[in-house]
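Student: Before I ask anything, let me first share the structure, which is written out below as structure tokens.
Every read-out reported here was derived from the displayed coordinates using simple, explicitly stated rules and does not represent laboratory data. Remember, predicted model here, so these are calculated numbers, not experimental data. Here the Cβ positions follow ideal geometry from the backbone for every residue, glycine too, while neighbour counts run over all protein chains shown.
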Amino acid sequence: MTNEEQFTKIIEKNTKHLENAKEHTQYKIGYIKSYISKWLKVAERYNQNNVNFIDCMCNAGIYKNNILCTCTEVVKLFVESAKQFPHKQFNVFLNDYNENRIKILEEVIIVLNAEKLANLNIYYDTCDVVQYLNNFPKYDNKLKNALTILYVDPYNFGIDNLLNSTLNFVDRYYCELIYNFFSSDIRRNISNDTAINKSQSILKELKGVIEEFDVNEFDVLDAMVKVQESYKKTRNIKYTFAYKFKVVKTNVELYYILYFTPNIRGLELLKESIWDVFGGESSFSKYFVKYKDLPTLFDQETMLVESYANELVSILKEKYNGLEVSYTEIETYVLENSFLKSTHIIKHIIKPLIKMNILTKENLKGSRNYKEDFYIFS
């Protein structure tokens, strides 16, 4: 029996516990899968003994329309990596408060991990998500000398103490974080007089991680940026990025997938995934879905790169006017504040600024070495 046939049987048996994967969900899964596949290739070359993925709100592993969930797509990737690198230990930690979902998930993963690889461990828990994050020290030994991704994908915003527990987790453990920031839920309920409890839970959650929070001047995107900044004050997180998802039918903003990492290499890989999955588009929307498969008479990537670069040139000129800055500082700003990849920076940012006499390259290690140099904005 093929995997697909086995999945169909699992779905038929458990239909009442499953839901369909909407189009934006399928692209979200594809985006995270793309990133983790790139991340694994890097992780495989590092000296760390443990390679970890933690999904603390993992769902049932499969959707009613036969789409695998994020965690099971990751398990597939981990199975392949574990086969190729038997000297490394791969660990997947899966939690959902709903016991029925975890039972279904175990059935799905048995299909994926039939060989019972000795260097692949899968741990299941059925806890409240905050309790799970706060009690993770029981797996503490697996997170030492490790490369880890923590994935947090809540169904809505305002789960009591979730933001703060996640922040404490990334402060305690060296890891990357992928977090679903449900901005639409905040917009709907932040000033909703008919949902006072919901409104209060949202405010409480935001105030738990944002300093000097002013509800009278509330703006969802500003709050999200402040949340990102608060995570960057932890011991491990240094870089962050947000990618917007919209409802396909209405094109209304739904959520942002926030990404946090200790290493700029992670941010570089994330940008590659955005270009691979979304063609570099600034958000997932109905326009992307409508036109993604249509042939074009122009180079879409070139158009987008030039558009993003032109906007950045003026921003960088104003931001760094009269200052000497390193390539690393320019790269960090570009990667965190635009959709450009690291491979775009020299050709589309540095060289045009030099040509316009806005930037002077100091040539500390030769005229052809751009990445180990300093630049003066004038």
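Student: Could you please rank Asp373, Asp276, placing first whichever residue has the fewest other Cβ atoms within 10 Å of its Cβ?
Tutor: By the 10 Å Cβ count, ascending, the order reads Asp276, Asp373.
Student: Note down the Stokes-Einstein diffusion coefficient of the stretch 3-290 in µm²/s, whole number, using a Kirkwood radius over alpha carbon pairs, 20 °C, and 1.002 mPa s.
Tutor: Result for D is 109 µm²/s.
Student: Now a separate question. Between Glu115 and Lys41, what's the calculated FRET efficiency when r is the beta-carbon distance and R0 is 22 Å? Round to 0.05.
Tutor: Values: r = 21 Å, r/R0 = 0.97.
E(calc), rounded to 0.05, equals 0.55.
Student: With +1 on each Lys and Arg Cβ and -1 on each Asp and Glu Cβ, and nothing else charged, work out how big the dipole of the chain is about its Cα centre, in Debye to the nearest 20.
Tutor: 680
Student: Placing +1 on the Cβ of each Lys and Arg and -1 on the Cβ of each Asp and Glu in the stretch 3-290, which of Val170, Tyr35, Leu18 has its Cα farthest towards the positive end of the resulting dipole?
Tutor: Farthest towards the positive end: Tyr35.
Student: Let me ask something else about it. So what's the back-of-envelope 222 nm ellipticity for the chain, counting only DSSP H runs of four-plus at -39500 (n - 2.57) apiece and dividing by all residues, rounded to 500?
Tutor: Details: 15 runs with 170 residues, N = 378.
Here the helix-only value at 222 nm equals -13500 deg cm²/dmol.
Student: Expressed in nm², what is the orientationally averaged projection area of the convex hull enclosing the Cα positions of the stretch 297-377? List each step's numbers first, then the result.
Tutor: On the way: hull surface 20.9 nm².
Computing the convex hull of the Cα atoms and averaging its projections yields 5.2 nm².
Student: If I model a spin label at Asn156 and Lys249 as a point 7 Å from the Cα along the Cα→Cβ vector, what separation in nanometres do I get?
Tutor: 2.0
Student: Then there is this: Take Asn263, project a point 7 Å from its Cα along the Cβ direction, then tell me which residues of the stretch 27-46 have their backbone nitrogen under 14 Å from it.
Tutor: In the stretch 27-46, the label zone of Asn263 (backbone N under 14 Å from the point 7 Å along Cα→Cβ) covers 36-46.
Student: Relative contact order for the chain using alpha-carbon pairs under 8 Å, separation at least 6, rounded to a whole percent?
Tutor: Value for the chain: 13 percent.
Student: How far, in degrees from 0 to 90, does helix 23-43 lean away from the longest principal axis of the Cα atoms of the chain, to the nearest 10?
Tutor: Once rounded, the angle reads 70 degrees.
Student: Is the shape of the stretch 150-246 best called rounded, prolate or oblate, per the rule: a/c under 1.5 gives rounded, else a/b larger than b/c gives prolate, else oblate, with a ≥ b ≥ c the square roots of the Cα gyration tensor eigenvalues?
Tutor: In terms of gyration-tensor shape, prolate.
Student: Report, in debye and to the nearest 20, how large the dipole of the stretch 235-378 comes out about its Cα centre when Lys and Arg carry +1 and Asp and Glu carry -1 on their Cβ.
Tutor: Charge dipole of the stretch 235-378: 160 debye, to the nearest 20.
Student: Among Cys56, Cys127, Cys175, Cys69, rank each residue by its count of other Cβ atoms within 10 Å, from fewest to most, as a rough exposure measure.
Tutor: Cys127, Cys175, Cys69, Cys56
Student: On to the next question. Considering only Tyr255, Tyr320, Tyr231, give the residue with the highest GNM mean-square fluctuation for the chain, with springs between Cα atoms whenever their separation is below 10 Å.
Tutor: So, out of Tyr255, Tyr320, Tyr231, the one fluctuating most is Tyr320.
Student: Which of Phe374, Pro352, Asn363 sits farthest toward the positive end of the charge dipole of the stretch 297-377, with +1 on the Cβ of Lys and Arg and -1 on the Cβ of Asp and Glu?
Tutor: Asn363
Student: Mind pulling the angle between the C-alpha long axis of helix 3-13 and the longest principal axis of the chain? Nearest 10 degrees, somewhere in 0 to 90.
Tutor: Helix 3-13 sits at roughly 60 degrees to that axis.
Student: Expressed as an acute angle from 0 to 90° and rounded to the nearest 10, what is the orientation of the C-alpha long axis of helix 220-231 relative to the principal long axis of the chain?
Tutor: Tilt of helix 220-231: around 90 degrees.
Student: Mind sorting His344, His17 by how few other Cβ atoms lie within 10 Å of their own Cβ, fewest first?
Tutor: With the fewest neighbours first, His344, His17 line up as His17, His344.
Student: How much FRET efficiency would the formula 1/(1 + (r/R0)^6) give for Ser367 and Ser282, where r is the Cβ-Cβ distance and R0 is 30 Å, rounded to 0.05?
Tutor: FRET efficiency, Ser367 to Ser282: 0.30.
Student: Let me ask something else. Once the Cβ-Cβ distance between Asp128 and His17 is put in as r, and R0 is 30 Å, what FRET efficiency do you end up with, to the nearest 0.05?
Tutor: Working: r = 19 Å, r/R0 = 0.62.
Computed FRET efficiency for Asp128 and His17 comes out at 0.95.
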